[in-house]
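Please read the structure below before turning to the comments.
The values are calculated or read from the model by the stated rules, or taken from the named source; none is laboratory data. Predicted model, so just to flag it, every value in this text is computed and none were measured. Using ideal geometry, Cβ is built from the backbone for each residue, glycine included, and neighbour counts are taken over all protein chains shown. All accessible areas refer to the heavy atoms of the entire protein, side chains included, with ligands and DNA or RNA removed. Shrake-Rupley method; radii C 1.70, N 1.55, O 1.52, S 1.80 Å.
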Amino acid sequence: METDRSTPATAPVSGAPLPVGTRLLHIGPHAPGTASVQGALFAAKDAMAARGVDFPAHGGHPVEAALAVCGRPGMTGDARPDERHWRRLLDAVHATGGRTSLISSEFFADAPDDATVARIVDDLVRDRDRDRDSDRDSDRDSDRDSDRDGDRDRLHVLVTLSPLATIMPSQWQQYVQNGLRTGYEDWLDHMLRRAPYEKPTPSFWRRHRHDRLVERWVRVVGAGNITVAVVDDRDRGGLTRTFESLLALPRGLLAEVPDATRRSLTSAETEMLRILNREFRGNGLPDEIYSKLVRNGAVPRMRKSCRPSSDDIGINTPVWALEAAAAIGEEMTERIGATGVRVLGDPAPLSAVPPSSPLGPARTTPRIDPEAAAQALYGALAVVAAESVRATTIRSVHQTPSGELVRVLGHRMLKRMKRR
C-alpha cells in the first residue's frame with residue numbers, strides 16, 4: 001500500500017486539496033471518533049462556508065437519509081427512514097451548485113451492493129431537473145452514459161479506517177445500545193469464528209470488511225476518486241486535519257466540540273444495558289418505548305451525568321480476538337493497496353496486535369453490579385406502569401401481574417407519542 005512516510009505515524013499524511021467544486025462524500029465506516037469529527041464539522045459550518053466549503057446537512061449527521069437510500073431500517077423503535085429523508089438531503093446538496101461540499105455519514109458504508117452505491121453517487125452529483133431536460137433532448141444512451149461518468153468524477157469518496165481491535169468493542173456497545181443481548185465474548189466468537197459471520201449482527205462485516213467496502217466503491221467511482229485515510233488512535237486531531245487538508249481549510253478550523261454524551265460506555269454500564277435489553281425483550285415491551293426511554297433517554301443521561309473514574313473498567317478484548325482481528329486487518333490492507341486508491345497515513349496499525357485492549361486494561365471488578373442495576377431500572381419502570389394503570393382501571397393493581405402492567409404502560413405511552 002503506497003503511503004508517504006515522511007511524517008510520524010501519529011500524524012496522518014496531508015492529502016493534496018481536492019479541486020474546487022468537488023462533492024466530498026465521507027462514508028465512514030463506523031469507528032470511535034467519527035461522531036466527534038461530525039460535531040466539529042457542523043460547529044464550523046458557517047466558517048467553512050465563508051471559505052467556499054458547504055456542509056449541506058440539517059444536523060451533524062444525516063443518518064436518516066443514509067439509512068433510507070441504503071434500504072436499512074432505523075434504530076430499534078424508530079420510524080423507518082423513507083425517500084423523503086434522502087430527497088431532503090439531495091435538495092440541500094444540489095442547492096450548493098458549483099461550490100465544494102461535504103456529506104458525512106458512516107451509514108453510507110451500509111450500502112449492500114454496487115447498484116445502491118451507483119444510486120447514491122448519481123443522486124448526489126446529478127440534478128433531477130437537469131436530468132429530465134437531458135432525457136427530453138437526447139435519445140442516445142451513449143450520451144447519457146458519458147454524462148453520468150463525467151458527473152461521477154465530481155464526487156470524491158473518503159474512507160476513514162481504524163484497526164479492528166479498536167472498532168470491535170466500540171461497535172459491540174453500539175449494538176447493545178440498539179437492543180443486542182449477546183455478551184461481548186460470545187459476540188466476538190460469532191464474528192470471528194463462525195463463518196460467514198452474519199449473526200447476531202449482520203451489518204458488522206458489511207461495514208468492516210474494509211477491503212470489500214473500498215472495492216465496492218472503486219467499481220462505481222474508480223480508484224482515482226477515492227481516498228483512504230488511516231486513523232491513528234494516538235492522534236486525536238489527526239482526522240480533523242485530514243478533512244482540513246482535503247478541503248483546503250486553515251489548520252485548526254475544525255475543533256473538537258466537547259460532548260459528554262459521545263463518550264464510550266464502561267464495561268459495567270454496557271453490561272447493565274445488555275441485561276436490561278434481556279428483561280425488556282422478555283417482558284414484551286414495544287420497541288418504540290425502548291427508543292424513547294432507553295436509547296434516547298437513559299443512555300445519553302448516563303453518559304452525560306456519570307463520568308468514569310480511573311477505576312472503571314473498559315471493554316476488554318481477549319488476546320485470541322486481537323490476533324484474529326490483526327490477521328484479517330493484514331489481509332484487508334493488502335487488498336486495499338491493490339485497488340490503487342490514494343492512502344493517507346501509515347497502514348501498519350491496521351494489522352498490528354495491540355499490547356492490551358484498546359479501551360483499557362482489566363483492573364478490578366466493576367464498580368456496580370450490572371444485574372442489580374438492570375433489575376433496579378426495570379423495577380422503576382414497573383412502578384411507573386403500576387401508577388399509570390392504577391388511575392384508569394377498576395381491577396386492583398395488587399391482583400395484576402407486573403409484566404402485564406408494564407406492557408399496558410408501554411402501549412399507552414406509544415399511543416400518546418403517536419397522537420403528538
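Structure above, values below:
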| read-out | value |
| --- | --- |
| Residue check for residue 311: modelled with pLDDT under 95, touching a helix residue (DSSP H, G or I) at 6+ places or on another chain (Cβ under 9 Å) and either acidic (Asp, Glu) or surrounded by fewer than 18 Cβ atoms within 10 Å (Cβ to Cβ) (or both) | no |
| Where a residue in the range 187-203 is over 21 Å from residue 112 (Cα atoms) and its partner, wherever it lies, is open to solvent by less than 50 Å² (accessible area, probe 1.4 Å) and not in a helix (DSSP H, G or I), with Cβ under 8 Å and at least six apart | 187/180; 187/201; 188/317; 188/318 |
| Flag if residue 245 is out of contact with any strand residue (DSSP E or B) (no Cβ under 6 Å at 6 or more places or on another chain), farther than 18 Å from residue 24 by Cα and among the polar types (S, T, N, Q) | no |
| Residues being of a type in the set (Phe, Trp, Tyr) and modelled with pLDDT of 95 or more - total across the range 185-203 | 1 |
| Residue satisfying all of: in the range 264-289; more than 26 Å from residue 60 (Cα to Cα) and among the small types (Gly, Ala, Ser); surrounded by the most Cβ atoms within 10 Å (Cβ to Cβ) among these | 267 |
| Selected residue (criterion: surrounded by the most Cβ atoms within 10 Å (Cβ to Cβ)) from residues of the range 34-90 that are part of a helix (DSSP H, G or I) and of a type in the set (D, E, K, R) | 64 |
| Condition met for residue 46 (modelled with pLDDT of 95 or more, of a type in the set (Asp, Glu) and farther than 22 Å from residue 171 by Cα) | yes |
| Total residues in the range 41-81, condition farther than 19 Å from residue 93 by Cα and aliphatic (A, V, I, L, M) | 2 |
| Meets criteria (under 30 Å from residue 226 (Cα atoms), open to solvent by less than 50 Å² (accessible area, probe 1.4 Å) and touching a residue at least 40 places away in the same chain (Cβ under 8 Å)) for residue 317 | no |
| Some residue of the range 102-115 being surrounded by 12 or more Cβ atoms within 10 Å (Cβ to Cβ), among the β-branched types (Val, Ile, Thr) and outside any helix (DSSP H, G or I) | yes |
| Residue 113 vs. criteria of a type in the set (D, E, K, R), in contact with a helix residue (DSSP H, G or I) (Cβ under 6 Å, 6 or more places away or on another chain) and at pLDDT 95 or above | no |
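Each row is one residue, and each column tells you yes or no for (1) of a type in the set (A, V, I, L, M, F, W, C); (2) in contact with a His (Cβ under 6 Å, 6 or more places away or on another chain); (3) under 30 Å from residue 253 (Cα atoms).
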position: 50; (1), (2), (3): yes, no, yes
position: 53; (1), (2), (3): yes, no, yes
position: 58; (1), (2), (3): no, no, yes
position: 61; (1), (2), (3): no, no, yes
position: 66; (1), (2), (3): yes, no, yes
position: 79; (1), (2), (3): yes, no, no
position: 93; (1), (2), (3): yes, no, yes
position: 104; (1), (2), (3): no, yes, yes
